[in-house]
Every structure is written in C-alpha cells, then in structure tokens.
Amino acid sequence: MIRAWMTIAAALLNLAGGEIARAEARPVVPPADKADIVVLISANAEWKPARQKLAALAFSTTPFGECAAGTIEAGGRKRSVVYVHGGWGKISAAASAQYAIDRWAPRLLVNLGTCGGFEGGVRVGDLVLATRTVVYDIVERMGDPEEAIADYATSLDLSWLAKPYPEAVVAATLVSADRDLDPAELPKLRAKYGAVAGDWETGAIAWTAARSKTPCLILRAVSDIVSTRGGEAYGNLALFEERTRTIMGRLLDGLPGWVRAAARLFPES
C-alpha cells in the first residue's frame with residue numbers, strides 16, 4: 001500500500017513539474033513593430049495603477065520599463081496600441097518618446113499623466129490639454145536665458161483633433177522642469193508663460209514628437225494644487241498616490257473618445 005501511494009505521489013510531482021516547466025517556458029510576446037498609437041505613461045506612481053488596469057494584456061520590456069500591446073475600439077474600428085512606461089523626468093521622457101517613435105512608428109503619440117495645478121487657474125481633477133509646453137529650468141549665464149528656453153518651447157498642432165472634445169478640458173500651456181513647482185516661482189510662470197500647471201516630462205515629450213513630426217496628444221489631470229504658500233501634496237506622497245490612482249483610471253477610460261476625435265490621423269477609417 002505504501003509503495004502504491006509513493007508511486008502516485010511521484011506521478012503527481014512529475015505532472016506538477018511539467019506544468020511549472022511549461023509555464024516558465026511560455027514566451028513573452030513582444031509588441032508588434034508597428035502600432036497606430038503609443039501611449040506614454042511617465043512616472044512610476046502613474047504607471048503602477050495604469051498597469052493594474054491593463055493587467056489582462058501581455059507585458060514585455062523596453063530599455064525604459066514595461067510595455068504592453070492591445071487594441072482600442074473607437075468609431076467601429078480597432079486601433080493597435082502600445083502602452084509604454086517611459087520613466088520620470090525629462091531625460092527618460094525624451095529618450096523613451098524617441099524610442100517609441102522609432103520602434104512603432106505610431107500615427108499618434110499620447111502622454112497621459114498628472115500635473116500640479118496653479119491655485120486660481122485650475123482645480124483638482126481638471127483635465128489639461130496641452131497646447132504649448134515650456135521647459136523653464138534652463139539656466140543660461142553666458143547668453144540670453146529666454147532665448148534658450150524658447151528653443152525648447154513647443155506649440156502643439158492639434159488641428160487634426162475634432163471638436164467638440166470628448167471631455168471637458170482646460171486647453172493651456174504646461175511648464176516642465178526636473179523638479180516640483182517652487183511656490184515662489186508661480187507668479188512668474190503664470191505671467192511669463194501663461195501656464196496653469198506644471199510637471200516633469202511633457203516639455204521633453206512634445207519637443208521630441210515635434211522633431212519627429214509625430215502628432216502628439218498630451219492630457220494631464222490636476223492631482224494637487226500649488227500656491228505661493230506651498231503645495232498640498234508636498235510632504236504628503238500618499239495624497240498624490242491616492243489621487244493618481246483615480247486619475248489614471250479615468251484617463252484610460254476616456255482614451256477611446258480621444259482616439260475617435262483623432263480620426264483624421266487614420267484616413268482609411
């Protein structure tokens with residue numbers, strides 16, 4: 001009897017081992033070489049909830065982080081899309097944007113994420129549609145600093161985007177720097193650039209897309225408000241992360257509507 005049970009146990013172990021081996025050997029299918037749309041998501045805190053929402057997709061990797069391929073149903077057509085974790089800050093943003101453009105040759109590059117809003121200009125939850133981006137943390141001491149900043153400012157051509165827009169937006173300038181907004185600088189950023197919010201990546205993404213002649217849609221929802229007195233999320237990372245979870249779900253849910261509004265970029269539809 002003991003010998004019989006040992007035989008059964010061995011068989012079960014072999015079966016389980018075979019299943020484990022097959023699971024480990026299952027290849028990760030990389031995204032195709034072409035995609036209609038690439039969606040860049042920058043910060044780790046933005047990617048984490050986005051990844052959870054996209055969990056049904058097969059994930060692969062790029063030099064910058066994870067990516068996943070899927071489709072978006074819009075206007076009765078399925079559009080191929082690759083979601084890419086681009087990384088935080090201007091260096092990762094520019095590099096991952098160019099990588100995505102070179103690898104997938106998208107007809108549309110989308111950046112979804114969060115931004116810090118200027119008190120009195122926007123409210124928490126407002127959706128900012130970037131019409132212009134300015135990289136403002138360039139310090140030029142040998143020449144004209146405003147000339148240097150102007151070199152990296154980008155006006156986004158959104159003539160292909162049909163109106164009315166699928167969601168209420170604040171169409172405005174976003175300012176970018178490799179730092180959080182300095183409350184003392186808000187009056188200058190508002191007066192000089194007409195900005196309503198700031199972030200770390202959009203200036204680099206917009207500039208890179210423009211140089212590659214790739215249509216670019218930047219949608220950033222206000223996660224927190226900054227005033228001359230300080231920022232409500234400064235020293236309160238948990239608040240930022242909690243609001244970001246809600247924002248990323250909303251942005252991904254709204255994406256098909258924006259793809260429909262971009263139908264002019266897909267002439268065969």
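In this rough spin-label picture, where each label sits 7 Å from Cα along the Cβ direction, the N236-D33 distance is 5.1 nm. For region 196-269, trypsin sites (Lys or Arg not before Pro) are listed when DSSP marks them as loop and at most 13 other Cβ atoms sit within 10 Å of their Cβ; the list is K213, R229. For the pair R229 and A150 in one chain, pulling the backbone fully straight at 0.36 nm per residue adds 25.6 nm over the alpha carbon distance. Please find the FRET efficiency linking K53 to R141, where r is the Cβ-Cβ separation and R0 is fixed at 35 Å, and quote it to the nearest 0.05. Using R0 = 35 Å, I get an efficiency of 0.20.
In the chain, the longest principal axis of the Cα atoms and the axis of helix 44-53 are about 50 degrees apart.
Once you reduce region 46-91 and region 206-269 to the center of their Cα atoms, the two points are 14 Å from each other. Can you tally the net charge around I72? Count Lys and Arg as +1, Asp and Glu as -1, for every other residue whose Cβ sits under 12 Å from the Cβ of I72. Computed value for this residue: +1.
What is the angle, in °, between the Cα long axis of helix 2-25 and the longest principal axis of the Cα atoms in the chain? Nearest 10 is fine, range 0 to 90. Approximately 30 degrees, to the nearest ten.
Between G125, G198, G76, the GNM of the chain built on Cα springs shorter than 10 angstrom shows G76 fluctuating the most.
Remark: the chain carries a charge dipole of roughly 920 debye about the Cα centre, counting +1 on each Lys and Arg Cβ and -1 on each Asp and Glu Cβ. Helix 237-261 versus the longest principal axis of the chain: what is the Cα-based angle in degrees, 0 to 90, to the nearest 10? So the helix axis and the longest Cα principal axis differ by about 90 degrees.
Extension gain, D102-R264: 0.36 nm per intervening residue step, less the Cα-Cα distance, totals 56.1 nm.
Under 20 Å from a label point 7 Å along Cα→Cβ of R211: give me every residue in region 101-123 with its amide N that close. 101-111, by backbone N distance to the label point.
Annotation: the antiparallel percentage among DSSP beta bridges lying fully within the chain is about 40. Pairwise Cα distances in the chain exceed 31 Å in 31 percent of cases. For K34, the lysines whose Cα falls under 26 Å of its own Cα, not counting residues fewer than eight places away in the same chain, are K48, K53, K78, K90, K213.
Local charge sum around W200 (other residues, Cβ-Cβ under 9 Å, Lys/Arg +1, Asp/Glu -1)? With Lys, Arg at +1 and Asp, Glu at -1, the net is -2. For region 200-209, 3J(HN,Hα) computed residue by residue from phi via the Karplus equation (6.51, -1.76, 1.60; θ = phi - 60°) reads 10, 10, 5, x, 6, 5, 4, 5, 5, 4 Hz, glycine and proline entered as x.
Along the axis of the charge dipole computed for the chain (Cβ charges of +1 for Lys and Arg, -1 for Asp and Glu, origin at the Cα centre), the listed residues A58, L251, L158 are led at the positive end by A58.
Taken together, the values in this text are just the output of simple stated rules run on the coordinates, not laboratory data. Bear in mind that the values here come from a model prediction, so they are computed numbers and not experimental data. Every residue, glycine as well, gets a Cβ built from its backbone with ideal geometry; the counts of neighbours run over all protein chains shown.
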